[in-house]
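Just below is one structure, and these are the notes that go with it.
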Ligand SMILES: NC(=O)c1ccc[n+]([C@@H]2O[C@H](COP(=O)([O-])OP(=O)(O)OC[C@H]3O[C@@H](n4cnc5c(N)ncnc54)[C@H](O)[C@@H]3O)[C@@H](O)[C@H]2O)c1
């Protein structure tokens, strides 16, 4: 049996507290050995709660604690410096999505990880959820898909709050943030589209000071005849998350905790439900990463795989800026 890997969590906000710290407590192959946040109160509180040393400076943590890997859950603009510090110290990284804020940064960071010989795995937890894996099998039964419709919405009361309100800090808005998950499903199930045409807005809270889009609609098309759209909004309730792919022999709809296969007339043929609908996938991701580090498993979500996500996002933002259709492949670094 392999020795427990020593993990540090960097960035102790919502995602670390909701997923990664509980995930480390629940996983098989890693243990928490240190925490870090630039906010000293947060670092101190989580250090105390988890009885590990707390740091406000990552480089000091890396020197003093020498963890096997870091889980990085920092605002998007801080991702680069965390990966650079880990690469310099030869420490592996589990990076919260997005991998990078644009294709150039994605290419540089992929090269850096390669050069430093570190593994980096981007956390896209739907890939660790059996419902989303089952959808991949059901998709084989509908014939060549011709239509894809995705919708991911919820209502955030203050779209201007914190770094998420700034397009510069977040690398965009809802599309790069929550939209990353839907884009990941699209790329996983259907590949990178050949054309995208996007509109975005930051109009849900008139008078509020923010420029990161709260809503985005992306039309997309593939040369093989498949087309459709993704609607992503962090200002539109109720909370919905759904991706439907339709082919000549029916449709597959994947939602949180449920996947259905429908006949062409919409009748339900079969469905799979996971109960409870959304158990935390964080422990499974951490254990998977430990297996990657032990060379027992290939990295399912490494830097190279996420160049496509960065290209999709860059094409969508370029399309929004120019009001023209853009080809994501032209943005592949
Ligand atoms: N996978 C998911 O479902 C999911 C959900 C939410 C957030 N996320 C991702 O997690 C990441 C963090 O999001 P969040 O909602 O937790 O943000 P947050 O604002 O709640 O927390 C970020 C924390 O990072 C700290 N920080 C900022 N710069 C830092 C630095 N250089 N070094 C160390 N700490 C630093 C901040 O002080 C803050 O405590 C983002 O990449 C986000 O997209 C993923």
* Among the numbered criteria (1) away from the ligand (no atom under 11 Å from the Cβ); (2) touching a helix residue (DSSP H, G or I) at 6+ places or on another chain (Cβ under 8 Å); (3) under 30 Å from residue 223 (Cβ atoms), which single criterion is violated by residue 97? -> (1)
* Flag for residue 311 being at pLDDT 95 or above and either surrounded by fewer than 22 Cβ atoms within 10 Å (Cβ to Cβ) or within 23 Å of residue 109 (Cβ to Cβ) (or both) -> yes
* Scope segment 19-32; condition within 22 Å of residue 79 (Cβ to Cβ) and without any contact (Cβ under 8 Å) to a residue 60 or more places away in the chain; matching residues -> 21, 32
* Asked: With segment 172-288 as the region, which strands (runs of 3 or more DSSP E) entirely inside it contain at least 3 residues that are over 23 Å from residue 332 (Cβ atoms) and either within 16 Å of the ligand (Cβ to nearest atom) or in contact with a strand residue (DSSP E or B) (Cβ under 7 Å, 6 or more places away or on another chain) (or both)?
  -> 235-247, 250-255, 258-262, 268-273
* Within the set of pairs 6 or more residues apart or between chains, which connect a residue that is free of Cβ contacts under 8 Å to residues at least 40 places away in the same chain inside segment 56-84 to a residue that is loosely packed, with under 14 Cβ neighbours inside 10 Å with Cβ atoms less than 6 Å apart? -> 56/40
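The values are calculated or read from the model by the stated rules, or taken from the named source; none is laboratory data. Quantities reported herein were computed from a predicted structural model and do not represent experimental measurements. FYI the Cβ positions are ideal-geometry reconstructions off the backbone, even for glycines, and counts take in every protein chain you see.
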